[in-house]
Amino acid sequence: MDCIFCKIIAGTIPSKKLYEDDRAFAFADIDPKAPVHVLIVPKKHIPSLAEAESGDEALLGHLQLVAKQLAAEHNLSNGYRTVLNSGEEAGQTVFHLHLHLIGGRQMNWPPG
Ligand code: 5GP
Ligand code: ZN
(Lines give C-alpha, C1' and ligand atoms only; values in the text may rest on other atoms or scores of the structure.)
(Ligands and ions follow the chains in the order given, each with its own letter.)
Protein backbone atom coordinates (compact mmCIF):
# COMPACT_ATOMS: atom_id res chain seq x y z
CA MET A 1 0.00 0.00 0.00
CA ASP A 2 1.29 3.42 -0.92
CA CYS A 3 0.92 4.98 2.52
CA ILE A 4 3.76 6.90 4.14
CA PHE A 5 2.70 6.00 7.71
CA CYS A 6 2.29 2.30 6.85
CA LYS A 7 5.87 2.46 5.53
CA ILE A 8 7.05 4.15 8.74
CA ILE A 9 5.36 1.41 10.81
CA ALA A 10 7.02 -1.24 8.62
CA GLY A 11 10.38 0.53 8.97
CA THR A 12 10.88 1.03 5.24
CA ILE A 13 10.78 4.80 5.84
CA PRO A 14 12.93 5.78 8.84
CA SER A 15 11.46 7.62 11.83
CA LYS A 16 12.34 8.46 15.40
CA LYS A 17 10.29 5.75 17.09
CA LEU A 18 8.99 6.64 20.54
CA TYR A 19 6.54 3.81 21.27
CA GLU A 20 5.32 0.52 19.80
CA ASP A 21 2.94 -2.23 20.82
CA ASP A 22 0.79 -4.74 18.96
CA ARG A 23 -1.78 -2.13 17.93
CA ALA A 24 -0.06 1.25 17.94
CA PHE A 25 3.13 2.99 16.84
CA ALA A 26 4.38 6.47 17.76
CA PHE A 27 7.13 8.60 16.27
CA ALA A 28 8.37 12.18 16.28
CA ASP A 29 6.71 14.51 13.78
CA ILE A 30 9.19 15.49 11.05
CA ASP A 31 8.03 19.15 11.24
CA PRO A 32 7.32 19.76 14.94
CA LYS A 33 4.84 22.51 15.86
CA ALA A 34 5.89 22.51 19.54
CA PRO A 35 8.84 21.28 21.66
CA VAL A 36 7.06 17.91 21.90
CA HIS A 37 5.18 16.76 18.78
CA VAL A 38 4.52 13.06 18.52
CA LEU A 39 2.30 11.20 16.05
CA ILE A 40 0.47 8.16 17.40
CA VAL A 41 -0.92 5.86 14.73
CA PRO A 42 -2.82 2.58 14.67
CA LYS A 43 -0.96 -0.23 12.92
CA LYS A 44 -4.24 -0.91 11.12
CA HIS A 45 -4.58 1.36 8.09
CA ILE A 46 -7.65 3.53 8.70
CA PRO A 47 -7.58 6.52 6.31
CA SER A 48 -9.31 8.96 8.66
CA LEU A 49 -11.73 9.14 11.55
CA ALA A 50 -14.49 9.36 8.95
CA GLU A 51 -13.64 5.78 7.91
CA ALA A 52 -13.40 4.40 11.46
CA GLU A 53 -16.01 1.82 12.44
CA SER A 54 -17.63 0.71 15.67
CA GLY A 55 -15.13 -2.15 15.91
CA ASP A 56 -12.35 0.43 16.13
CA GLU A 57 -13.70 1.89 19.37
CA ALA A 58 -11.11 0.29 21.67
CA LEU A 59 -8.28 1.05 19.23
CA LEU A 60 -9.17 4.75 19.11
CA GLY A 61 -9.30 4.91 22.89
CA HIS A 62 -5.96 3.10 23.07
CA LEU A 63 -4.32 5.83 20.98
CA GLN A 64 -5.42 8.42 23.56
CA LEU A 65 -3.99 6.38 26.42
CA VAL A 66 -0.69 5.95 24.54
CA ALA A 67 -0.68 9.76 24.20
CA LYS A 68 -1.19 10.08 27.96
CA GLN A 69 1.75 7.74 28.60
CA LEU A 70 4.02 9.58 26.17
CA ALA A 71 3.00 12.92 27.71
CA ALA A 72 4.09 11.63 31.12
CA GLU A 73 7.38 10.35 29.68
CA HIS A 74 8.01 13.81 28.19
CA ASN A 75 7.23 15.50 31.53
CA LEU A 76 4.25 17.43 30.16
CA SER A 77 2.82 17.87 33.65
CA ASN A 78 1.57 21.41 32.85
CA GLY A 79 -0.64 20.15 30.06
CA TYR A 80 -0.69 18.96 26.50
CA ARG A 81 -3.05 18.60 23.59
CA THR A 82 -4.12 15.66 21.44
CA VAL A 83 -5.42 16.55 17.99
CA LEU A 84 -6.99 14.40 15.29
CA ASN A 85 -7.49 16.17 11.97
CA SER A 86 -10.11 14.39 9.84
CA GLY A 87 -10.46 15.44 6.22
CA GLU A 88 -8.88 18.08 4.04
CA GLU A 89 -10.78 21.03 5.49
CA ALA A 90 -9.51 20.07 8.95
CA GLY A 91 -5.95 20.11 7.64
CA GLN A 92 -5.38 16.36 7.31
CA THR A 93 -2.53 15.79 4.88
CA VAL A 94 -1.63 12.14 5.53
CA PHE A 95 -4.57 9.78 5.10
CA HIS A 96 -3.60 7.20 7.70
CA LEU A 97 -5.44 8.14 10.89
CA HIS A 98 -3.08 9.69 13.45
CA LEU A 99 -3.29 11.45 16.78
CA HIS A 100 -1.00 14.41 17.33
CA LEU A 101 0.43 14.81 20.84
CA ILE A 102 1.59 18.40 21.17
CA GLY A 103 3.08 20.04 24.24
CA GLY A 104 5.88 21.96 25.88
CA ARG A 105 4.53 25.44 25.21
CA GLN A 106 1.38 27.47 25.87
CA MET A 107 -1.41 26.44 23.51
CA ASN A 108 -3.89 28.84 21.98
CA TRP A 109 -7.62 28.40 21.60
CA PRO A 110 -9.40 28.16 19.25
CA PRO A 111 -6.98 26.35 16.93
CA GLY A 112 -6.53 27.91 13.50
P1 5GP B 1 -1.99 16.01 9.41
O2 5GP B 1 -1.79 17.36 8.78
O3 5GP B 1 -2.39 14.98 8.38
O4 5GP B 1 -2.90 16.00 10.61
O5 5GP B 1 -0.58 15.60 9.99
C6 5GP B 1 0.40 14.99 9.23
C7 5GP B 1 1.69 15.15 10.00
O8 5GP B 1 2.62 14.22 9.50
C9 5GP B 1 2.32 16.53 9.84
O10 5GP B 1 2.46 17.13 11.12
C11 5GP B 1 3.67 16.24 9.18
O12 5GP B 1 4.70 17.06 9.67
C13 5GP B 1 3.90 14.79 9.51
N14 5GP B 1 4.66 14.04 8.51
C15 5GP B 1 4.43 14.02 7.18
N16 5GP B 1 5.32 13.21 6.58
C17 5GP B 1 6.12 12.71 7.55
C18 5GP B 1 7.23 11.81 7.54
O19 5GP B 1 7.67 11.30 6.51
N20 5GP B 1 7.82 11.54 8.76
C21 5GP B 1 7.35 12.09 9.92
N22 5GP B 1 8.00 11.74 11.05
N23 5GP B 1 6.30 12.92 9.95
C24 5GP B 1 5.70 13.25 8.79
ZN1 ZN C 1 -1.39 3.51 6.20
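The values are calculated or read from the model by the stated rules, or taken from the named source; none is laboratory data. What you see is a predicted model; the values in this text were computed from it and never measured. Don't worry about glycine lacking a Cβ; one is built from the backbone with ideal geometry, like all the others, and counts go over all protein chains shown. Ligands, DNA and RNA are excluded from the accessible area calculation, which covers all protein heavy atoms including side chains. Shrake-Rupley method; radii C 1.70, N 1.55, O 1.52, S 1.80 Å.
For region 19-51 versus region 63-103, the spacing of their alpha-carbon centroids is 7 Å. What's the percent breakdown of Cα-Cα distances in region 65-112 across 10 Å bins, shortest bin first? The distribution over region 65-112 is 24, 46, 28, 1, given as percents.
Basic side chains Lys and Arg get +1 at the Cβ, acidic Asp and Glu get -1 at the Cβ, and with that the dipole of the chain about its Cα centre reaches some 440 debye.
A DSSP coil position with no more than 12 other Cβ atoms inside 10 Å describes the following GluC sites (Glu not before Pro) in region 1-87: 53.
Normalised per residue, the accessible area of the chain is 61 Å², obtained with a 1.4 Å probe and no contribution from ligands, DNA or RNA. Shape summary: the chain maps onto an equivalent ellipsoid whose semi-axes, from the alpha-carbon gyration tensor, are 21, 16, 14 Å in decreasing order.
I'd like the orientation of helix 57-73 relative to the chain: the angle between its Cα long axis and the longest Cα principal axis, in ° from 0 to 90, rounded to 10. The two axes meet at around 40 degrees.
Across 40, 13, 102, mean-square fluctuation computed from a Gaussian network of the chain (C-alpha pairs under 10 Å connected) peaks at 13.
Springs join every pair of Cα atoms under 10 Å in this Gaussian network model of the chain, and among 38, 66, 83 the largest mean-square fluctuation is at 83. When the chain is treated as a GNM with alpha-carbon contacts under 10 Å, the residue of 52, 90, 24 showing the greatest mean-square fluctuation is 90.
For region 6-47, what does the alpha-carbon gyration tensor say about shape, rounded, prolate or oblate, given a ≥ b ≥ c as the root eigenvalues, a/c under 1.5 as rounded, and a/b over b/c as prolate? It is prolate, given that a/c is not under 1.5 and a/b is the larger ratio.
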